[in-house]
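Structure, as structure tokens:
The values are calculated or read from the model by the stated rules, or taken from the named source; none is laboratory data. Quantities reported herein were computed from a predicted structural model and do not represent experimental measurements. Neighbour counts run over all protein chains shown; Cβ positions are idealised from the backbone, glycine included.
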């Protein structure tokens, strides 16, 4: 049986690369960024330029913008064609939203993008959906969207961690509840050894207060809670 053919990498000429870099420099200048950028064109130019520069870091130095901003633009090419069409039509024009949509599973991108296009979701909502989807990977995306919309006035925070091999999920749940208080925790969700604790505003504040009192970073405090070392 023959192996499936791989799509060949497109080769661009030096002129095409230089023109793409010139367009990127022109379109991402601060004064120009105040105008609405054509995200698909920027993403396409990044793809062309990367054929020569090989890394976003090197390209960011040449264009003179932050690596994070360039990374966000590049993620537009990770979107499904129907989502790209919403961008091409000018219905979605925020690079921040496009970046966050690209972090969703492929099947989730269009339903969330349509909700954005209809004015039902903000950039912050999409960020919350990305976090909640990680915590609830089996939930229907429509229900995830509804949950975020209902909880706009009830802020929730997701703590992701790896369950140690010597620990049971039940023990870690009890440790979180003992440290933060049962009222601080919305829910727990696990997939394999990766677990998520979803906290409300009270839980987030408790994490911050205890970390400050113990002289720890929030991540170090969470590690202590998980290990049961916090007394």
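Points to keep in mind about this one:
- Members of the stretch 214-231 that are assigned to a helix (DSSP H, G or I), surrounded by fewer than 17 Cβ atoms within 10 Å (Cβ to Cβ) and over 24 Å from the mean Cα position of the chain (by Cα): 214, 227
- Among (1) free of Cβ contacts under 8 Å to residues at least 40 places away in the same chain; (2) assigned to a helix (DSSP H, G or I); (3) not assigned by TED's automatic domain parsing to the domain that holds residue 45 - the single one residue 91 does not satisfy: (2)
- Per-region count, the stretch 115-129, residues in contact (Cβ under 8 Å) with a residue 24 or more places away in the chain and either over 13 Å from the mean Cα position of the chain (by Cα) or crowded, with 19+ Cβ neighbours inside 10 Å (or both): 9
- Selection of helices (runs of 4 or more DSSP H) fully inside the stretch 37-88 by the criterion of at least 2 residues being modelled with pLDDT under 95, in the same structural domain as residue 21 (by TED's automatic domain parsing) and exposed (fewer than 15 other Cβ atoms within 10 Å of the Cβ) returns 56-63, 67-74.
- Here the condition is being surrounded by fewer than 20 Cβ atoms within 10 Å (Cβ to Cβ) and touching a helix residue (DSSP H, G or I) at 6+ places or on another chain (Cβ under 8 Å); of 134, 138, 149, 178, it holds for 149 alone.
- Apart from one condition, residue 193 fits all of (1) buried (at least 16 other Cβ atoms within 10 Å of the Cβ); (2) within 12 Å of residue 162 (Cβ to Cβ); the exception is (1).
- A count restricted to the stretch 191-220 and to residues that are in contact with a helix residue (DSSP H, G or I) (Cβ under 8 Å, 6 or more places away or on another chain), more than 21 Å from residue 155 (Cα to Cα) and touching a residue at least 12 places away in the same chain (Cβ under 8 Å) stands at 1.
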